[in-house]
Every structure is written in structure tokens, then in C-alpha cells.
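Inspection log for the structure reproduced underneath, given as C-alpha cells.
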Amino acid sequence: MRTGIQVLVIVAFVLSACTPTTNSQPTGTTPAVFPTSTVNASASATPRQTDSSVVYENPFLGYRIALPQTYRRLTARYLTAGSGPGGLLGTDAYTLLTEQQERLQDQGDLPPASANLGLFVEAYRVDPAVTAIDWASTPRESGAQPLAMHRTIQQLAVPGFDAIKLVADNASADTQVVVIHADDWTYVISPTMWPSPHRLEDIAGTFATIAHQPVPTPSPTPAPDVARAAASALAASIRAAFTARDATAVASLMEECRISVSPVIDGGAGLPNSGGGGLGRSVALFTRALRDRFAAGDLSVTVASNVELDANSAYFVRSEWKEPDRTVRIDLILRPQDGQWRWTEARHYYSRADLGNPPCIPYRSPWVSSGGRC
């Protein structure tokens, strides 16, 4: 296939692109962004002869890089020391989509065509003696595949650094990943899909390291009684908004950009022989559809009065979504984000008989925009 999907990287961001979803790790201070002079770019989402660049710095991950100005940085993700696979300390994500385009886009098991308009820079703490080739050829976790699996390793000239590129081991010969070793750090530059809209070699050529600042530490976990009280207050606000059939009020209590949605089938999870049936629903599209359903009078939502803790120690409140021909239980998962509690996920409950033949998750508006059986 000419187009590839970098599944492991996409999983971390696919449901959250424009703002972070549930994540206990800190986002820290927004790294500096400095405009620079015009430089030549070999490719673009909208190809042009020249494309001015912007230099991005992240002092927590200790790097600087220049990208065509059509990229926009999303919120960085940071991990506490030793908690990420293979020493991963953080990831910066960049996109060629505007914020408006991001907000009006759903995400699902398979990324949309626009998913290739993204770029990631991952930073790992490593043994200084481990070369870029050794690192890429070694699984980052026990039982995992090395990054170089099914790829050809080629040296890459990045002045001052030990750098390689990983090229697809097929007729396309796409450069899929760049690995740069810098002392006790290794950086991985990769697009969400292949081929990349911009040559990774050109992007890597602008790479430089800067002085590191300590990665921000996570916010303290609130005491159980404080957390329960905050979750209960949010649940009460959600219940009031649904009782008032006020879609705008509901949206104000949700994720800012996209809410994670997942099915539970007969007590299990996901759809057989698929990616699981999960999706990231655009909050803007959800709000619009919810308003339409309320106006039509064919949907009512009842939210329970008490919050509960699930197996992952996340607070949730049960709800029932009643339509003329069915009632669906949906757990509304509530989490703290940047000092505020938000409704971040929705867990739908179905029986296997609900899936039909061929089987599919029977999401309906406002959870999906399509009008088919699923």
C-alpha cells in the first residue's frame, strides 16, 4: 500500500487532536514559538514554491525545530520519568488542519484522510552509549516490535547528531521515521500517515537541541472526598442541563474539542473482529445534533443522582438515553482537567443482539452524523 498508518502513535492522539483528552500528566507551560525567514519547502498540504517557516521550541523536551508555517502545534503531552515506554518523556504534536477543521472532525477506529496532515516529535531518555541504529533496532518494551521492523535503516546527515531515517521496505520507499540521538536523549520525528506531506529529511535538517528544563510534575491527586464532591457537582450540573434540554449548557461541561466514545457489549468491550468500535466525537457536531434531537422531541436523557467509581478508579454517572424504539445506558465518565472537572468520555452499553448482521455498533445521532443503521 502507498499509504501507511502509524498506529501506535495515532492511538495516543487520535481521539483528542485539538485539545488533550483524559490525561493525568501535566501540559506545563506552552513552549515558545518564533517566526523566522522564508525557506524553501519541498512539499505542502497546499503545494507552493516557497513556504515560510516557524521555529518551535520545547524547553521541557529540549529541542528546536522549524516547520512550514502551515503547521499548528497542539498541546504537548508529558510523562513522569520512567513512566513512558522505552523512557518516553513527552510528545509534541503538530497539524496542518486549522482549529476550526479539527473541531468539526470526528475520529474513529481508522483515521480519516486528513489524519496524514499531522507530525509528531517524541523525546526519550536513553543510555548515551546507545546509537540511533541500536535504539531503533531494539524493542522499546518487552514483546513489542522494534521501530526498524519492516523498514530499511539509512544514515541521515543532521550536523552534530547521530541520525538515521527508517525507509519503508517496499516499492514506495517512503521515509517513515527519523531518529536523532543527542547525548542521553533520542528524538523520533514521524508523520501520522505515509507519505508525509513534507519531507522528513528537510524537517530533520532544522533540528537542534536547547537547554533542558525539568518536565513539569503532575498535579497532586485530589483527596478522595474532594474528588467525589467535585465529580458529584459536575454530575449535578450535567443532570440539570439535560433536564432543561439545553444543548449549549451540556457542551459547556464537556471536553472542549472531542469526546471519547466506546461501546460495551454484553459486559465486554468493543465490536468483534474490528478496532473496537470506539470513536472521538466532535463536541461541536455533537452539540448541533443534540440540539436538533431535543427540538424534534424524540430523545430524552435522564442522569442519575449519584456518582460511582469504575474499575479504573474513574468517576462516572449513569444515564439513560430514551428514544421511541429503544433505551440505551450510557456512563458519563468525569475527570479533572487543568483544575476543572469535565465530562470526557461516554461508555455505551449494548447487547450482542443490538449489533445486527453484519455486526456494527448502533450509534445514533447525536453520537454520529450518518443516518444509516450504524
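The values are calculated or read from the model by the stated rules, or taken from the named source; none is laboratory data. If you're wondering where the values come from, they're calculated on a predicted model, not measured in any experiment. In this analysis, Cβ positions are derived from the backbone assuming ideal geometry, glycine residues included, and neighbour counts consider all displayed protein chains. Just so you know, the surface numbers come from the protein's heavy atoms only, side chains and all, with ligands and any DNA or RNA stripped out. Shrake-Rupley method; radii C 1.70, N 1.55, O 1.52, S 1.80 Å.
A few comments on the model shown:
- Strands (runs of 3 or more DSSP E) fully within the stretch 243-353 counting 2 or more residues that are surrounded by 19 or more Cβ atoms within 10 Å (Cβ to Cβ) and among the aromatic types (Phe, Trp, Tyr): 315-323, 340-350
- Residue satisfying all of: in the stretch 72-118; modelled with pLDDT of 75 or more and of a type in the set (Val, Ile, Thr); most open to solvent (accessible area, probe 1.4 Å) among these: Thr98
- Residue, surrounded by the most Cβ atoms within 10 Å (Cβ to Cβ), within the stretch 183-217, restricted to residues that are among the charged types (D, E, K, R) and under 17 Å from Ala123 (Cα atoms): Asp184
- Condition broken by Leu271, with the remaining ones in (1) at pLDDT below 85; (2) out of contact with any Gly (no Cβ under 7 Å at 6 or more places or on another chain) satisfied: (2)
- Just one residue in the set Leu290, Leu334 is closer than 22 Å to Ala236 by Cα, touching a Leu at 6+ places or on another chain (Cβ under 7 Å) and modelled with pLDDT of 95 or more; that residue is Leu334.
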